[in-house]
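Here the structure comes first, spelled out in structure tokens, and everything after it is commentary.
Every number in this text was worked out from the coordinates using simple rules, so none of it is lab data. Keep in mind that this is a model prediction, so the values were computed, not measured. FYI the Cβ positions are ideal-geometry reconstructions off the backbone, even for glycines, and counts take in every protein chain you see.
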Amino acid sequence: MNDLPEYNPTRLAIFISGTGSNMEALLEACEEDDYPAKPVLVLANKASAGGLEKAKARGIQTVVVDHKVFGGDREAFEHAIQAELEKHDVEFIALAGFMRVLTPWFIGKWEGKMINIHPSLLPSFPGLHTHQRAIAAKCRLHGCSVHYVTAGVDEGPIIGQAAVPIFPDDTPDTLAARVLVAEHKLYPACLEAAVSDDQNSSYVQMSDDPDAPFIISAP
Ligand code: GRF
């Protein structure tokens, strides 16, 4: 008799619009033994998204649902996305640099099953140009947040955050690069907590390295 618990990973779709470095971090994590999610689809809203080739190289199914084809009809675009998700029996969605605002219809359908990474310590700096805005505000700390997606843009419950220092000579680009390193650590940890419904795994990771992020997972 085999009394090992059944390994039944959550079927994950990752949505991208660009480079897909966060997508890669998630795909890498999913290759680890016992990681509770399994990527079954990478979806992009444009054929030029660089992440598509990276996903294909890892043997992951990809699909492009081009928002331009639908003109301004956002729900028609999302119905086309929903059809792809159903085709692949998707159970959970991770937005990773997906640059389309979603409608209440789609968000309602995936409530509690869709998360996003945002490059700031929310609720500070929702929206765009977060690195430039954190420098302009003379913040000493900046970072990234993973949160559930709700109707308010960048407003959903926070799953975890990672903070990095801002140095006096930082530019938006140097700061973005430092935050991105933190994003790649934070997102897999938060996806794991979200699909496991493990909201009690709070931990703090600190380091003597001033570039290293510290991560505080939400209780
Ligand atoms: C990341 O900074 C992410 O936080 C933001 O868009 C960027 C996407 O980068 N939402 P990548 O495509 O994952 O490299």
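Numbers for the structure displayed
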item: Residue in the range 119-126 that is free of Cβ contacts under 8 Å to residues at least 40 places away in the same chain and under 12 Å from the mean Cα position of the chain (by Cα) present; result: no
item: Top-ranked residue in the range 46-59 [being under 18 Å from the mean Cα position of the chain (by Cα) and surrounded by fewer than 20 Cβ atoms within 10 Å (Cβ to Cβ); ranked as farthest from Glu192 (Cα to Cα)]; result: Lys46
item: Leu43 in a strand (DSSP E or B), at negative phi and among the aliphatic types (A, V, I, L, M); result: yes
item: Only one of Lys109, Lys185 that is under 18 Å from Asn22 (Cα atoms), away from the ligand (no atom under 11 Å from the Cβ), of a type in the set (Lys, Arg) and out of contact with any Cys (no Cβ under 9 Å at 6 or more places or on another chain); result: Lys185
item: Pair list, Cβ under 7 Å, 6 or more apart: the range 93-111 residue surrounded by 14 or more Cβ atoms within 10 Å (Cβ to Cβ), other residue of a type in the set (Phe, Trp, Tyr); result: Ile93/Phe15; Ile93/Trp110; Leu95/Phe15; Ala96/Phe15; Phe98/Phe15
item: Positions within the range 149-162 being within 15 Å of the ligand (Cβ to nearest atom) and without any contact (Cβ under 8 Å) to a residue 60 or more places away in the chain, in sequence order; result: Val149, Val153, Asp154, Glu155, Gly156, Ile159, Gly160, Gln161, Ala162
item: Residue within the range 63-72 that is within 15 Å of the ligand (Cβ to nearest atom) and in contact with a helix residue (DSSP H, G or I) (Cβ under 9 Å, 6 or more places away or on another chain) present; result: no
item: Options Leu41, Leu26: the member that is hydrophobic (A, V, I, L, M, F, W, C), touching a His at 6+ places or on another chain (Cβ under 6 Å) and surrounded by 14 or more Cβ atoms within 10 Å (Cβ to Cβ); result: Leu41
item: Leu52 of a type outside the set (D, E, K, R), in a strand (DSSP E or B) and free of Cβ contacts under 8 Å to residues at least 60 places away in the same chain; result: no
item: Failed item, numbered, when Thr103 is tested on (1) more than 23 Å from Gly152 (Cβ to Cβ); (2) away from the ligand (no atom under 15 Å from the Cβ); result: (1)
item: The range 135-148 residues that are without any contact (Cβ under 8 Å) to a residue 24 or more places away in the chain, paired with ones that are surrounded by fewer than 24 Cβ atoms within 10 Å (Cβ to Cβ) (beta carbon under 7 Å, 6 or more apart); result: none
